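Asks: Take this structure first; my questions come after.
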Amino acid sequence: MPSSSPSSSVNGFIGLSPRRRVQPWARAHRRGNNIVIVGAQWGDEGKGKIIDVLSAGADILVRYQGGHNAGHTVIADGAEFIFHIIPSGLLHRGKVGLIGNGVVIDPKALLEELGRLKARGIEVKRAVKISDQAHVIFPYHQQLDALEEATREGRIGTTGRGIGPCYVDKAARSGIRIADLCNPQAFAERLRTVVEEKNRLLKALYQAPPINYDALRRQYTAYGRQLAPYVVNSVQFLQEAMAQGKRLLFEGAQGTLLDIDHGTYPYVTSSNSTAGGACVGSGAPPTAIDHVIGVVKAYTTRVGEGPLPTEFPDDLMHRIRTKGKEFGATTGRPRRCGWFDAVVGRHAVWVNGCDAVAVTKLDVLDDMLEIQICIAYRDGRRLLKSVPSDTTVLARCRPVYETLPGWRQDTGRAGKVADLPAAARRYLQRIEALLGVPVCLISTGSTREQAFKVGRW
Ligand code: IMP
């Protein structure tokens, strides 16, 4: 029975102890430097670039959800690098990237990515850490992803990487984690049970041929051996890092409207891509998060199926898609494009608790005569100022637009706010007013140099 007597509390620590008795991990949370960066639309907001810019001020970069469905593009020293699983701030020397427990890992894809980083001279054995609690994607997850998409009424348009089926197994407690992969005997037993179950499913539902257990075990045991040097207990790793005063930068993949809980369900991915996911997906406690920055494109894009209220008509779609190079970094699929949707942006600010937003690809709008911003939705006679949870309602909503003048000037060489044309500044101010948070960073091109911070950020 717990007692109210101070002497019987845990370690005698009753909250009145002198400072020296406060453990380093309790102090470490109050430093004010740990930032979460999240997509505030449907993914592909240009987070890779923003993370690359902001990671200069961080020590540890943490991926906390998703898998190789993501593609974060960074252009550094004239060369393009696309990160899928490894945190994208790693191109800066001396950083450490942690792949958190909330990530689902395709070992083959991860080993290939490690190989590409190594070829760029990055000492990956020192720089990359993998949580032993992260779940592993197997070929049967990808097979099921494809089969489910093919037979599902109302396709989601998944990336086909096996992400959803892997998270299904995690929730169903049939998943296999990195820790299992690194323990050959336990892995062999667990895999046998899972393969038997999957073979029953594949046969009964899809009349598909069975998985070869022995071949799969051999292949994945070898992957386990190759990944073992990178594997850590991520909770301990982060605690020790914070105790040493290291600054953390959490990299959200996908975007708020693709979050399994707060997105446009069922047209979402299978993880919590919002800022709350940073804690559960890494083991860092909520008290460790100091700031959240949402990333928005100056317009909107989405890949895959599902409603996109501000979707452009064909001619404008083609123009913006071409100018903005709006093709998926992972699948190469053309992205659907539309005007900036402030209802979506505000939803993202609310759900993530954003302190500020970074605006990317402002230059793509450089030659527009007029620019529209969606400020509300009309559903018949109803005016909606927030994103309806019923996706069928969102699909029939019509955007209510406000029209602003374009600037028809090149913004690609701007180095500070004052360099931007007045109409571009007005556009950004309107975004700030509608979202209720300041713009902290503006990107006007693909290179590292084409981005500048605003104010204290
Ligand atoms: P999944 O994550 O492959 O299951 O796909 C589910 C939905 O999320 C689909 O609409 C995908 O197009 C979308 N999606 C997944 N990853 C990304 C991303 O990195 N950027 C944009 N959309 C994504």
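The values are calculated or read from the model by the stated rules, or taken from the named source; none is laboratory data. Keep in mind that what you see is a predicted model, and the values were worked out from it rather than measured. Neighbour counts run over all protein chains shown; Cβ positions are idealised from the backbone, glycine included. Heavy atoms of the whole protein, side chains included, go into the accessibility calculation; ligands, DNA and RNA do not. Shrake-Rupley method; radii C 1.70, N 1.55, O 1.52, S 1.80 Å.
Asks: Find which of Val349, Leu369, Ser389 sits farthest along the positive direction of the dipole of region 343-395, computed with +1 on the beta-carbon of Lys and Arg, -1 on that of Asp and Glu, about the Cα centre.
Replies: Positive-end residue among those listed: Ser389.
Asks: May I ask for the equivalent-ellipsoid semi-axes of region 252-386, computed as the square root of five times each C-alpha gyration tensor eigenvalue and listed largest first in whole Å?
Replies: Values: eigenvalues 137, 62, 48 Å².
Taking √(5λ) for each Cα gyration eigenvalue gives 26, 18, 15 Å.
Asks: Count the DSSP beta bridges whose two residues both fall in the chain, then state the antiparallel fraction as a percent rounded to the nearest 5.
Replies: Details: 25 of 59 bridges.
So the antiparallel bridges in the chain amount to around 40 percent.
Asks: In square angstrom, what is the accessible area per residue of region 135-230 with a 1.4 angstrom probe?
Replies: Values: 5040 Å² over 96 residues.
With all protein chains present, region 135-230 gives 53 Å² per residue.
Asks: Out of all DSSP beta bridges in region 278-431, what portion is antiparallel? Express it as a percent rounded to 5.
Replies: Working: 16 of 23 bridges.
Taking every DSSP beta bridge with both residues in region 278-431, the antiparallel ones total about 70 percent.
Asks: With +1 on each Lys and Arg Cβ and -1 on each Asp and Glu Cβ, and nothing else charged, work out how big the dipole of region 135-230 is about its Cα centre, in Debye to the nearest 20.
Replies: Values: 14 positive and 10 negative charges, 36 e Å.
Roughly 180 debye for region 135-230.
Asks: Follow-up. Which links in Lys108/Lys297; Lys118/Lys297; Lys125/Lys246; Lys129/Lys453; Lys118/Lys323; Lys129/Lys297 stretch past 23 Å when you go from one Cα to the other?
Replies: Numbers: Lys108/Lys297 32 Å; Lys118/Lys297 31 Å; Lys125/Lys246 19 Å; Lys129/Lys453 30 Å; Lys118/Lys323 32 Å; Lys129/Lys297 30 Å.
Going by Cα-Cα distance, Lys108/Lys297; Lys118/Lys297; Lys129/Lys453; Lys118/Lys323; Lys129/Lys297 fall outside the 23 Å limit.
Asks: Here is a follow-up. What is the sum of charges around Pro388, taking Lys and Arg as +1, Asp and Glu as -1, for the other residues whose C-beta is under 14 Å from the C-beta of Pro388? Working shown, then result.
Replies: On the way: positive: Arg346, Arg378, Arg382, Lys385, Arg396, Arg398; negative: Asp341, Asp379, Asp390.
Neighbourhood net charge equals +3.
Asks: Mind putting a number on the dipole of the chain about its Cα centre? Charges go on the C-beta only, +1 for Lys and Arg and -1 for Asp and Glu, and I need it in Debye to the nearest 20. Before the final figure, lay out the partial values.
Replies: Details: 60 positive and 44 negative charges, 204 e Å.
Value, rounded to 20: 980 debye.
Asks: Work out the length of the dipole vector of region 55-171 about its Cα centre, built from +1 on the beta-carbon of each Lys and Arg and -1 on the beta-carbon of each Asp and Glu, and round it to the nearest 20 debye.
Replies: Values: 14 positive and 13 negative charges, 84 e Å.
For region 55-171, the charge dipole is close to 400 debye.
Asks: With the dipole of the chain worked out from charges on the C-beta (+1 for Lys and Arg, -1 for Asp and Glu) around the Cα centre, which of Ile431, Gly415, Val268 lies farthest toward the positive end?
Replies: Gly415
Asks: For Arg398 and Gln185, what is the calculated FRET efficiency with R₀ set at 51 Å and r taken between the beta-carbons, to the nearest 0.05?
Replies: Details: r = 60 Å, r/R0 = 1.17.
After rounding, the FRET efficiency stands at 0.30.
Asks: Then there is this: Quickly estimate the mean residue ellipticity at 222 nm for the chain, helices only: each DSSP H run with n ≥ 4 gives -39500 (n - 2.57), and the total goes over all residues, rounded to 500.
Replies: Numbers: 15 runs with 150 residues, N = 457.
About -9500 deg cm²/dmol.
Asks: Could you tell me which of Ile75, Asn101, Gly46 has its Cα farthest along the dipole of region 33-116 towards the positive end, charges placed at Cβ (Lys, Arg +1; Asp, Glu -1), taken about the Cα centre?
Replies: Asn101
Asks: Please list the helices of the chain that count as membrane-span-like by this rule: a mean Kyte-Doolittle hydropathy of at least 0.0 together with Cα atoms stretching 27 Å or more along the helix axis, each helix being a complete DSSP H run. Intermediate results must be reported in sequence, preceding the final value.
Replies: Numbers: long enough: 184-206 (30 Å, -0.46).
Helices passing the filter in the chain: none found.
Asks: Quick one: if the Förster radius is 35 Å, what FRET efficiency do Ser389 and Ala150 give, using the C-beta to C-beta distance and rounding to 0.05?
Replies: Details: r = 28 Å, r/R0 = 0.80.
Result of the calculation: an efficiency of 0.80.
Asks: Sticking with this one: Considering only protein heavy atoms and a probe of 1.4 Å, how much of the accessible area of the chain is carbon and sulfur, as a whole percent? Show your work: numbers first, answer last.
Replies: Values: 10270 of 20160 Å².
Carbon with sulfur: 51 percent of the solvent-accessible area.
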